[in-house]
Amino acid sequence: MQQPIVQYLDANSKMHGDANKVGLAQKDHRTIFTLMLKVRLFEERCMKLQRQGRIGFYIGAYGQEASHIASAYAFRKQDWIFPSYRELGVMLLRGISMQEIVNQIYGNSEDHTQGAQMPCHHSFRKANFVSISSPIATQIPQAVGMAMAAKYKGDKVIAGVYLGDGGTSEGDFHVAMNFAGVYQAPVVFIVENNQWAISCPAHEQTASDGFAIKAKAYGFEGLRVDGNDVLAVYEATKRAVEKARQGKGPTLIENVTYRLFSHSSSDDASRYQNKQEYEQALKCEPLIRYRNYLQEQGIWNEAWEKEISEDFKKEVDVAIKTAEKQPRPDPSTLFTHVYATSNPLLEEQQRLLQEELKERESWEEEGAFPL
Amino acid sequence: MATLNIVQAVNQALHHEMEQDENVILLGEDIGQKGGVFGCTEGLWQKFGANRVLNTPLAEAGIVGTAIGMALYGLRPVPEIQFMDFIYPAFDQIVSEAAKLRYRSGGEYQVPMVIRTPYGGGIKGGHYHSQSSEAYFCHTPGLKVVVPSTPADSKGLLISAIRDDDPVLFLEPKKIYRALKGEVPEGEFTVELGKANVAKPGKDISLIAWGAMVPVCLEAAKQCEAQKVDVEVIDLRTLVPLDVEAILASVAKTGRVVVVYEAPKTGGFGAEISALIAERAIEYLEAPIMRVAGFDTPFPYSLENVYIPDALRVMQAIKQVLHF
Ligand SMILES: Cc1ncc(C[n+]2csc(CCOP(=O)(O)OP(=O)(O)O)c2C)c(N)n1
Ligand SMILES: [Mg+2]
């Protein structure tokens, strides 16, 4: 039997459930829609910047805006998020400014991590948004451990962890699931099943009927959700969040969605993706579906969207211009934050580098390095 | 002979070995229809089919662990790890299993497997797409470690590695994957494992390097020529087993050594080479052995150019050794 799917709004924005059960007020809808729109607009812009050679790399959430934003909206701000790398909207929801985001993408001297990582690998402790790592699935057991720690301390704080369909194949996913089940950790696993792990389709990633079902073997509940339906994503996540907060254990949520762009700016999906499948997926994309619903509800109108878009585009322009004026981080920052306190060898390396960089300027003037 | 880059040379070696021996099979993430994220496996899935080119789920422990099982049963698997930075989920399978099976079974079992993986910086890949962690693996008895620096060596060494009966970690210098082109013999062509190459002969000082640092050393050697310093560049090509003879011969000739590597300096494989020279050739040395290496910090994104050793940094060490 196929795993059932939680859905309120179908691809044609037809309502199939009881909107009251969802519990989103008008102002919530406005916030969620605005964030989805901003993520969409910003990421289109970033792909252009990448093509123009102004930034080195970009990886985005095109098609997954509902999946990550509506789910994050179900958490409280004191809850910790262990992100994957497609959750820009979570940071915006938690008050991170466009300037902070853009500085990281440029890796300039104003980036608070001093260009430590590639674009889109953010870290914002003030938003309880834990540093993003490239190695897939490493964040999952960490989220479980953090949730166990909160439980130990008696805090009403829970963990939300994002991962992809591909991430479920790593050992770290399975050990995390097992620990979460055994220790009844207050954690919500959010699998964004965007149907692809770079070029590997989800049906080649696993032989099971999707990903929600995997929770069963670890002794807790798994829900399959229409990940392009804001109402379904929010309602299902809210249930899981409340359950975790009441000490009733973990939940895995599979948001069924679709990656509507290549894996990243470095990939070309046309090499492996079926065009018809893509076009079909495009018809189910979340922003249009949500917009139609909100229009029907009298919450959305064109003028409102236009105003948000224009203001936001201006904000992004300013952020980019400001970021581009900043120099790259000072070479000395290479040595900060390696340890809590440095050590003599490291300090020596830093000093020697400083001397070398000074000398380099004079070599460059002389045109050749004097031996 | 055709002029190829390293990606094409690796691809040619894989084509050649898969044609020669049906026990050779490939497995890895995105190596199928996409042809690998760097294109090294391009056309192989189309030619040999999904039975021999396994586009696997996202799990390095799965890729290497199953490859070991296949090798035990007589296949010659060539797993690919997409970036060396992502090899760690498979670390246990490599260091505890692949490297130890022959020894612990009294020679009953062997693991003829080649793990190919791109390593090193130079593509603005930040911390997790840039590391050079060969030292962890060179510290693993039972495992061979090969690092080519030219297209011809990439083909010749890869074919030798596939035919070798021991597990081999084959590190591909991604910085020069496409940037470096060279003539590559067509068809059957092997380069013996465990043999260094004198990339440039010289008499005043020896630079010892591997992989992407070899062209950096050659550039430094070229710039030194103008100033009448004759630099020898030794390309190790294989780190385990190490060509001790070639190293000592060069040191005996020049009496001055700089070891150049991209990994963090402390505990890097260059330390092993320095110790070996100090133990066996101290009587030839006119100056201390110097190391030019990465800093003892994580590999940075924005400051990549500051981090990776370049010709000028190598020349600065040459200067110090010459004027000791
Ligand atoms: C351990 C590890 N192996 C391989 C990679 C290379 N890689 C980066 S993203 C990716 C696919 C991830 O797919 P999925 O988990 O479905 O996430 P998505 O990109 O679809 O959001 C791969 C293979 C990696 N980052 N880490
Ligand atoms: Mg995916």
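What percent of all Cα-Cα pairs in the protein assembly as shown falls in each 20 Å bin, counting up from 0?
Answer for the protein assembly as shown: a P(r) of 17, 47, 30, 6, 0 percent.
For helix B:311-322, what angle does its Cα long axis make with the longest principal axis of chain B, in degrees from 0 to 90 and rounded to 10?
50 degrees
Distance check, please: which entries in A:K275/A:K313; A:K358/B:K222; A:K216/A:K248; A:K214/B:K34; A:K21/A:K243; A:K156/A:K238 exceed 21 angstrom between their Cα atoms? Walk me through the numbers before you get to the answer.
Working: A:K275/A:K313 31 Å; A:K358/B:K222 24 Å; A:K216/A:K248 15 Å; A:K214/B:K34 28 Å; A:K21/A:K243 16 Å; A:K156/A:K238 15 Å.
Distance filter (> 21 Å) returns A:K275/A:K313; A:K358/B:K222; A:K214/B:K34.
Would you be so kind as to identify which of B:T56, A:G63, A:S264 lies farthest towards the positive end of the dipole of the protein assembly as shown, taking Lys and Arg as +1 and Asp and Glu as -1 on Cβ and the Cα centre as origin?
A:G63
What FRET efficiency do you get for B:I282 and A:L345 if R0 is 25 Å and r is their Cβ-Cβ distance, rounded to the nearest 0.05?
Values: r = 24 Å, r/R0 = 0.95.
That gives a FRET efficiency of 0.55.
For a quick protection proxy, order the peptides B:150-157, A:339-346 by their average other-Cβ count within 10 Å, most packed first. Mind showing how you got there, number by number?
On the way: B:150-157: 25.4, A:339-346: 10.4.
Final packing ranking: B:150-157, A:339-346.
For the pair B:K124/A:D209, report the inter-label distance in nm, with labels modelled 7 Å from Cα in the Cβ direction.
With each label placed 7 Å out from Cα toward Cβ, I get 4.7 nm.
How big is the shadow of the Cα convex hull of the stretch A:76-146, averaged over all directions, in nm²?
Working: hull surface 18.3 nm².
Result: a mean projected hull area of 4.6 nm².
Rounding to the nearest 20 debye, state how big the charge dipole of the stretch A:19-325 is about its Cα centre with +1 on each Lys and Arg Cβ and -1 on each Asp and Glu Cβ.
Values: 37 positive and 36 negative charges, 156 e Å.
For the stretch A:19-325, the charge dipole is close to 740 debye.
Within 10 Å of each Cβ in A:111-118, how many Cβ atoms from other chains are there, averaged over the peptide?
Values: counts 2, 0, 3, 4, 6, 9, 8, 9.
Mean partner-chain Cβ count within 10 Å for A:111-118: 5.
Could you grab the relative contact order for the stretch B:197-322? Cα pairs under 8 Å, six or more apart, rounded to a whole percent. Don't jump to the answer; show the numbers that get you there.
On the way: 225 pairs, mean separation 35.5, N = 126.
RCO, the stretch B:197-322: 28 percent.
Output the antiparallel fraction of DSSP beta bridges having both residues in chain B, as a percent to the nearest 5.
Working: 9 of 39 bridges.
Around 25 percent antiparallel, to the nearest 5.
For the stretch A:254-362, how big is the tail of P(r) above 19 Å, as a whole percent of Cα pairs? Write down the numbers at each step before the final one.
Numbers: 4354 of 5886 pairs.
More than 19 Å apart: 74 percent of the Cα pairs in the stretch A:254-362.
Per residue and in cubic angstrom, what volume does the convex hull of the Cα atoms of the stretch A:281-326 have? List each step's numbers first, then the result.
Working: hull volume 4.0 nm³, N = 46.
Dividing the Cα hull volume of the stretch A:281-326 by its residues yields 88 Å³.
Taking chain B on its own, what percent of its Cα-Cα pair distances exceed 38 Å? Display every interim value, and only then the final one.
Numbers: 6641 of 52326 pairs.
Result: 13 percent of Cα pairs exceed 38 Å.
Per q in 0.22, 0.24 1/Å, what log10 I(q)/I(0) does a Debye calculation on the alpha-carbon atoms of the stretch B:140-214 return?
These q points yield log10 I(q)/I(0) values of -1.09, -1.22.
Take B:Y73, A:Y85, A:Y106 and order them by how many other Cβ atoms sit within 10 Å, fewest up front.
On the way: B:Y73 10, A:Y85 20, A:Y106 25.
Placing the least packed residue first, the sequence is B:Y73, A:Y85, A:Y106.
Sort out for me the Cα centre separation of the stretch B:181-243 from the stretch A:178-200, rounded to whole Å.
47 Å
Looking at the protein assembly as shown, send over the antiparallel percent of its DSSP beta bridges, to the nearest 5.
Numbers: 13 of 67 bridges.
In the protein assembly as shown, approximately 20 percent of DSSP beta bridges are antiparallel ones.
Local charge sum around B:G142 (other residues, Cβ-Cβ under 15 Å, Lys/Arg +1, Asp/Glu -1)? Provide the component values of the computation, followed by the final result.
On the way: positive: B:K100, B:R102, B:R104, B:K144; negative: B:D92, B:E97, B:E108, B:D164, B:D165, B:D166.
Local net charge: -2.
Just how far, in whole angstrom, is the stretch B:256-280 from the stretch B:95-116 if you go by their alpha carbon centroids?
Centre-to-centre (Cα) distance: 28 Å.
So what is the relative contact order of chain B, in percent, for Cα pairs below 8 Å that sit 6 or more residues apart?
Working: 735 pairs, mean separation 52.1, N = 324.
That works out to 16 percent.
Determine the gain in length on full extension of the stretch A:Q297-A:E361; use 0.36 nm per residue of separation and subtract their C-alpha separation, reporting nm with one decimal. The partial results should precede the final answer.
Values: separation 64, 0.36 × 64 = 23.04 nm, distance 6.45 nm.
In short, 16.6 nm is gained.
Binning every alpha carbon pair distance of the stretch A:192-239 at 5 Å from zero, what are the percents per bin?
Pairs per bin, as whole percents: 5, 19, 22, 24, 20, 9, 1.
May I ask you to list the residues of the stretch A:244-285 whose amide nitrogen lies under 18 Å from a point 7 Å from Cα along the Cα→beta-carbon direction of A:A217?
It comes to A:251-254, nothing else.
How high is the relative contact order of the stretch B:136-276, in percent, with contacts defined as C-alpha pairs under 8 Å that are six or more residues apart?
Working: 255 pairs, mean separation 38.5, N = 141.
Result for the stretch B:136-276 is 27 percent.
Estimate the FRET efficiency between B:E19 and B:Y103 by the formula 1/(1 + (r/R0)^6), using the beta-carbon distance for r and 35 Å for R0, to the nearest 0.05. Can you show the working numbers first?
Details: r = 33 Å, r/R0 = 0.94.
Calculated value: 0.60.
Per residue Cα convex hull volume for the stretch B:197-322, in cubic angstrom?
Numbers: hull volume 12.1 nm³, N = 126.
So the per-residue hull volume is 96 Å³.
Over the stretch B:2-184, what is the percentage of antiparallel beta bridges among all DSSP beta bridges, to the nearest 5? It would help to have the intermediate numbers written out before the result.
Numbers: 4 of 22 bridges.
Of those bridges, close to 20 percent are antiparallel.
Among A:S342, B:I6, B:Y177, whose Cα sits farthest toward the positive end of the charge dipole of the protein assembly as shown (+1 at Cβ of Lys/Arg, -1 at Cβ of Asp/Glu, about the Cα centre)?
With unit charges placed on the Cβ atoms, the residue in question is A:S342.
Among A:R51, A:R328, rank each residue by its count of other Cβ atoms within 10 Å, from fewest to most, as a rough exposure measure. Show your work: numbers first, answer last.
Working: A:R51 11, A:R328 19.
Fewest-to-most ranking of A:R51, A:R328: A:R51, A:R328.
Only Cα pairs within less than 10 Å get springs; with that Gaussian network setup on chain B, which residue of B:D21, B:D165, B:D310 has the largest fluctuation?
In this elastic network of chain B, the residue with the biggest mean-square fluctuation among B:D21, B:D165, B:D310 is B:D21.
So, in nm, how far is label A:K14 from label A:K126 when the simple model puts each one 7 Å beyond its Cα toward the Cβ?
Result: 4.8 nm between the two label points.
Tell me the angle of helix B:60-72 to the major Cα principal axis of chain B, expressed in degrees between 0 and 90 and rounded to the nearest ten.
Approximately 70 degrees, to the nearest 10.
Can you give the mean number of other chain Cβ atoms that lie within 10 Å of the Cβ atoms in peptide B:29-39?
Values: counts 7, 7, 1, 4, 6, 10, 3, 1, 5, 0, 0.
Counting Cβ atoms of other protein chains within 10 Å of each residue's Cβ and averaging gives 4.
Tell me the Kirkwood hydrodynamic radius of the stretch B:2-184 in angstroms, computed as one over the mean inverse distance between distinct C-alpha pairs. Mind showing how you got there, number by number?
Numbers: mean 1/r = 0.0623 Å⁻¹.
Radius from the Kirkwood sum: 16.1 Å.
Test of understanding: ordering A:R125, A:R259 by Cβ neighbours within 10 Å, fewest first, what list do you get? Can you show the working numbers first?
On the way: A:R125 10, A:R259 26.
The order, fewest Cβ neighbours first, is A:R125, A:R259.
If you project the alpha carbons of the stretch A:19-325 onto the principal axes, what extent comes out on each, in Å, largest first?
Taking the Cα atoms of the stretch A:19-325, the three principal extents are 50, 46, 42 Å.
Please report, in debye to the nearest 20, how large the charge dipole of the stretch B:151-281 is about its Cα centre when each Lys and Arg carries +1 at its beta carbon and each Asp and Glu carries -1 there. Before the final figure, lay out the partial values.
On the way: 16 positive and 20 negative charges, 107 e Å.
Charge dipole of the stretch B:151-281: 520 debye, to the nearest 20.
For the cross-link pairs A:K126/A:K321; A:K48/B:K174; A:K306/B:K124, which exceed 32 Å when the distance is taken from alpha carbon to alpha carbon? Please list the in-between numbers first.
On the way: A:K126/A:K321 25 Å; A:K48/B:K174 26 Å; A:K306/B:K124 37 Å.
Beyond 32 Å: A:K306/B:K124.
Helix A:230-245 versus the longest principal axis of chain A: what is the Cα-based angle in degrees, 0 to 90, to the nearest 10?
80 degrees
Where a number appears in this text, it was derived from the coordinates with a stated rule and is not lab data. Since this is a predicted model, take the numbers as computed values, not measurements. Cβ sites come from the backbone with ideal geometry, for glycine too, and all protein chains shown count toward neighbours.
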